[in-house]
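Q: There's a structure below that I have some questions on.
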Amino acid sequence: MGYWGYYVVGRSERPLAHFPAVAGVRDDLALLEQRADGWQVWETPGGDGTRDVGNMNTLARETGAPALFGYVMASDCVVVEAAAPESGAWTTCLARRAMAGHLGDGGLTVEDYFLEPPDAAGRAVAWAAEAGRTVREAALLDVLNADAEPSAEHLFFRFLDRLGVVPQ
């Protein structure tokens, strides 16, 4: 079984773990990466999808910058929830075919839960613009339509790169 866990991404001069929006997991958050322009990637491993890692709308409001989190499921797929102070919140997933397998046969589909790739790419472009980045919708669509090769974690970090949240 692959990796299960959450990534919390935001931009601030203060550590993200110090914000009230993530107080429920503060003791479990560990700084994974400092990225260019004040971006931070924090991690809390584990979880079954029911853990409350905080509220991205609140984190975006508290930091004054876009924020997002990714919930990685068995290294197969990622739930992405993003928010920005002006453009609001949106949710999509990475590795849609694998996500469909995780949803099971409950009658609801990936499309019932998550924005479809073209809609998610449009929202992601607005999210990036609010972060001061100009990104290409086509480059985001490539990631939103991709399978998790070699893993969902790699796909998530490729998505961050395409959003303009790049390594230092």
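The values are calculated or read from the model by the stated rules, or taken from the named source; none is laboratory data. Remember, it's a predicted structure, so these values are computed and weren't measured experimentally. All Cβ positions, glycine included, derive from the backbone under ideal geometry; neighbour counts span all protein chains shown. Note: areas computed on protein heavy atoms with side chains; ligands, DNA, RNA excluded. Shrake-Rupley method; radii C 1.70, N 1.55, O 1.52, S 1.80 Å.
Q: Suppose the filter is touching a strand residue (DSSP E or B) at 6+ places or on another chain (Cβ under 7 Å) and of a type in the set (S, T, Y); does T109 pass it? Spell out the reasoning first.
A: Numbers: touching a strand residue (DSSP E or B) at 6+ places or on another chain (Cβ under 7 Å): no; of a type in the set (S, T, Y): yes.
Spelling it out, it is not the case that T109 is touching a strand residue (DSSP E or B) at 6+ places or on another chain (Cβ under 7 Å) and of a type in the set (S, T, Y).
Q: Which condition breaks for S75 when tested against (1) touching a His at 6+ places or on another chain (Cβ under 7 Å); (2) surrounded by fewer than 21 Cβ atoms within 10 Å (Cβ to Cβ)?
A: (1)
Q: In this structure, is T92 in a strand (DSSP E or B) and either surrounded by fewer than 20 Cβ atoms within 10 Å (Cβ to Cβ) or among the polar types (S, T, N, Q) (or both)?
A: yes
Q: Another question, then. Looking only at region 95-123, which residues are assigned to a helix (DSSP H, G or I) and surrounded by fewer than 18 Cβ atoms within 10 Å (Cβ to Cβ)?
A: R97, A100, G101, H102, L103, E111, D112, Y113, P118, D119, G122
Q: Just for region 74-89: of the residues that are without any contact (Cβ under 8 Å) to a residue 60 or more places away in the chain and assigned to a strand (DSSP E or B), which one is nearest to D147 (Cα to Cα)? I'd like the intermediate steps shown before the answer.
A: Applying the first criterion (without any contact (Cβ under 8 Å) to a residue 60 or more places away in the chain) to region 74-89 yields 79, 81-89.
Imposing the further condition that a residue be assigned to a strand (DSSP E or B) reduces the set to 79, 81-84, 88-89.
Details: V79: 14, E81: 18, A82: 20, A83: 24, A84: 26, G88: 27, A89: 24 Å.
Checked region 74-89; the qualifying residue nearest to D147 (Cα to Cα) is V79.
Matching residues to (1) at pLDDT 95 or above; (2) surrounded by fewer than 18 Cβ atoms within 10 Å (Cβ to Cβ); (3) in a loop (DSSP other than H, G, I, E, B):
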position: V9; (1), (2), (3): yes, no, no
position: R26; (1), (2), (3): no, yes, no
position: L31; (1), (2), (3): yes, yes, no
position: Q34; (1), (2), (3): yes, yes, no
position: Q40; (1), (2), (3): yes, no, no
position: G47; (1), (2), (3): no, yes, yes
position: G54; (1), (2), (3): no, no, yes
position: L59; (1), (2), (3): yes, no, no
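Q: Related question: Show the residue pairs meeting these rules: Cβ distance below 9 Å; 6+ apart or different chains; first residue within region 1-29 and closer than 11 Å to G54 by Cα and free of Cβ contacts under 8 Å to residues at least 12 places away in the same chain; second residue open to solvent by 50 Å² or more (accessible area, probe 1.4 Å) and in a helix (DSSP H, G or I).
A: So the pair list comes out as R26/H18.
Q: Still on this structure, please answer the following. Starting from region 101-114, take each residue that is within 20 Å of L144 (Cα to Cα) and list its partners that are surrounded by 10 or more Cβ atoms within 10 Å (Cβ to Cβ) and not hydrophobic (A, V, I, L, M, F, W, C), counting only C-beta distances under 6 angstrom and pairs at least six apart or across chains.
A: Qualifying pairs under 6 Å: V110/R96; F114/T91; F114/T92.
Q: Output yes when any residue across region 145-165 is more than 24 Å from G2 (Cβ to Cβ), modelled with pLDDT of 95 or more, in a helix (DSSP H, G or I) and not β-branched (V, I, T), and no when none is.
A: Scanning region 145-165, I find no residue that is more than 24 Å from G2 (Cβ to Cβ), modelled with pLDDT of 95 or more, in a helix (DSSP H, G or I) and not β-branched (V, I, T), so the answer is no.
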